[in-house]
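Have a look at the structure below before the remarks.
The values are calculated or read from the model by the stated rules, or taken from the named source; none is laboratory data. The structure displayed is predicted, hence computed values, not measured ones. As a convention, Cβ positions derive from the backbone with ideal geometry for all residues, glycine included, and neighbour counts pool all protein chains shown. Just the protein is used for accessible areas: all its heavy atoms, side chains included, with ligands, DNA and RNA removed. Shrake-Rupley method; radii C 1.70, N 1.55, O 1.52, S 1.80 Å.
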Amino acid sequence: MRRKYNLLASLAVLVLTPLMVDAAPPAQIAFSSDRDGNFEIYVMDADRKNQRRLTNNRHDDWDPSWSPSGKRIAFTSSGKVQNVVQAHPLFVVGGPPQIYVMDDNGGNKRRLTNSDFAEWYPSWSPDGERIAFTSSGAMDTAGWYIYVVDADGKNLRRLTHPDSGWYPSWSPDSKRIAFVSSRNAFGNEIYVMNADGSNQQRLTETPHDNIHPSWSPNGERIAFVSSRDGNFEIYMMNADGKNQRRLTRTPAHDWHPSWSPDGKRVVFVSHRDGNYEIYTMNVNGARQVRRLTKEGSDDTDPAWFDPAFAIEVVPFSVSAAGKKLTMWGWLKQVNQ
């Protein structure tokens, strides 16, 4: 009887596992590109296949940020963007940029912020409840501040006051936010604060620009961009600011790091091939660098999402002796 039971259990695992693996959607990278005339939001599989446009309008759309479930994307939309990749937030001609939200297929677009101020660079909290962003009454560094709003557009509040702040990046537990500020006149530096704006602490201190913080999925490290070695390169440091080290080493500028949800790779923007394109590398540095976009246009603002790490309700699980199968509508993990 035991042999018959073991045989049935083994057959169930062999049958169910391929079905669940086949149903797993691929990891996605959202980004902005001007390949069709103006900047729009695009998405592609993490292996660079299946590139498609999500927005299509006369405005420039950029700065995509995935919701934790992957079902929605926050982004910035405005008039025409000038100098799309540079050290500071973008200069915009026309109406002030505002924060929008849309479904992951580009449908159901709605405006989240509605003010006379420039509001950009949204960052969705990992708990799905809030969106942090940069707001500016005047288009200068003295007027940039970090605000946070509930994901439904309610309960707007300011986090950095009276000092400047931009480029917010949430810690994976949604309790802290890394950001950039020029408050100490050394240049742009990376800071961290609690999610309510309290306990603001500086992590970098150089006479150069340190920008684009991106918190690792395990909360232990922060990737960022620095010009301390002559041009903008990708760096890494511990979440407390210690052990700062350079990852990329090219004469070209490298920008805008974003972690893979498994914490093994970083996607970033580089000008190393003559225009701004999207690349990936492993987290140990410039080894295994792979170019993902090859359009001859400017591709920037990459944001990584993997359905295997999405926040979903678990409908059921199947466990047998020595095996663990967990399903979130697709295969989440198989431990043997």
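Before we move on, is Glu233 at pLDDT 95 or above, crowded, with 19+ Cβ neighbours inside 10 Å and among the charged types (D, E, K, R)?
Answer is yes for this residue.
What is the number of the single condition among (1) modelled with pLDDT under 90; (2) in a strand (DSSP E or B) that Ile311 does not meet?
The single condition Ile311 does not satisfy is (2).
Taking segment 209-230 on its own, how many of its residues are among the basic types (Lys, Arg) and modelled with pLDDT under 95?
1
Would it be correct to say that Gly107 is out of contact with any helix residue (DSSP H, G or I) (no Cβ under 7 Å at 6 or more places or on another chain), at pLDDT 95 or above and more than 25 Å from Asp196 (Cβ to Cβ)?
Answer is yes for this residue.
Looking at segment 101-111, which of its residues are open to solvent by 20 Å² or more (accessible area, probe 1.4 Å) and either assigned to a loop (DSSP other than H, G, I, E, B) or small (Gly, Ala, Ser) (or both)?
Asp104, Asn105, Gly107, Asn108, Lys109
How many residues are charged (D, E, K, R) and within 15 Å of the chain's Cα centre (by Cα) if we restrict to segment 198-223?
1
Applying the selection to segment 25-70, what residues are among the aromatic types (Phe, Trp, Tyr) and assigned to a strand (DSSP E or B)?
First, pick out the residues of segment 25-70 that are among the aromatic types (Phe, Trp, Tyr): 31, 39, 42, 62, 66.
Within segment 25-70, Phe31, Tyr42, Trp62, Trp66 meet the criteria.
Can you name the number of the only condition in (1) over 19 Å from the mean Cα position of the chain (by Cα); (2) within 20 Å of Ser182 (Cα to Cα); (3) not β-branched (Val, Ile, Thr) that Ser226 fails?
Checking Ser226 against (1) over 19 Å from the mean Cα position of the chain (by Cα); (2) within 20 Å of Ser182 (Cα to Cα); (3) not β-branched (Val, Ile, Thr), the one that fails is (1).
Give the residue, chosen from Ile211, Ile177, that is surrounded by 19 or more Cβ atoms within 10 Å (Cβ to Cβ), farther than 26 Å from Asn155 by Cα and touching a strand residue (DSSP E or B) at 6+ places or on another chain (Cβ under 9 Å).
Ile211
Any chance you could count how many residues in segment 276-288 are outside any strand (DSSP E or B), surrounded by fewer than 16 Cβ atoms within 10 Å (Cβ to Cβ) and not basic (Lys, Arg)?
Count: 2.
Between a residue in segment 12-40 that is within 30 Å of Asn56 (Cβ to Cβ) and any residue that is surrounded by 14 or more Cβ atoms within 10 Å (Cβ to Cβ) and modelled with pLDDT under 50, which pairs come within a Cβ distance under 8 Å, given they are 6 or more apart or on different chains?
Here the result reads Ala23/Gly329; Ala23/Trp330; Ala23/Leu331; Ala24/Trp330; Ala24/Leu331; Pro25/Trp330, each pair linking segment 12-40 to a residue that is surrounded by 14 or more Cβ atoms within 10 Å (Cβ to Cβ) and modelled with pLDDT under 50.
Restricting attention to segment 283-297, which residues are in contact with a Leu (Cβ under 9 Å, 6 or more places away or on another chain) and on the phi < 0 side of the Ramachandran plot?
Val283, Asn284, Ala286
Restricting to segment 205-251, count the residues that are basic (Lys, Arg) and out of contact with any Asp or Glu (no Cβ under 9 Å at 6 or more places or on another chain).
Of the residues in that region, 3 qualify.
In segment 182-193, what residues are open to solvent by less than 50 Å² (accessible area, probe 1.4 Å) and touching a Lys or Arg at 6+ places or on another chain (Cβ under 8 Å)? Break it down stepwise before answering.
To start, the set of residues in segment 182-193 that are open to solvent by less than 50 Å² (accessible area, probe 1.4 Å) comprises 182, 187-193.
Of everything in segment 182-193, those that are open to solvent by less than 50 Å² (accessible area, probe 1.4 Å) and touching a Lys or Arg at 6+ places or on another chain (Cβ under 8 Å) turn out to be Glu189, Ile190, Tyr191, Val192, Met193.
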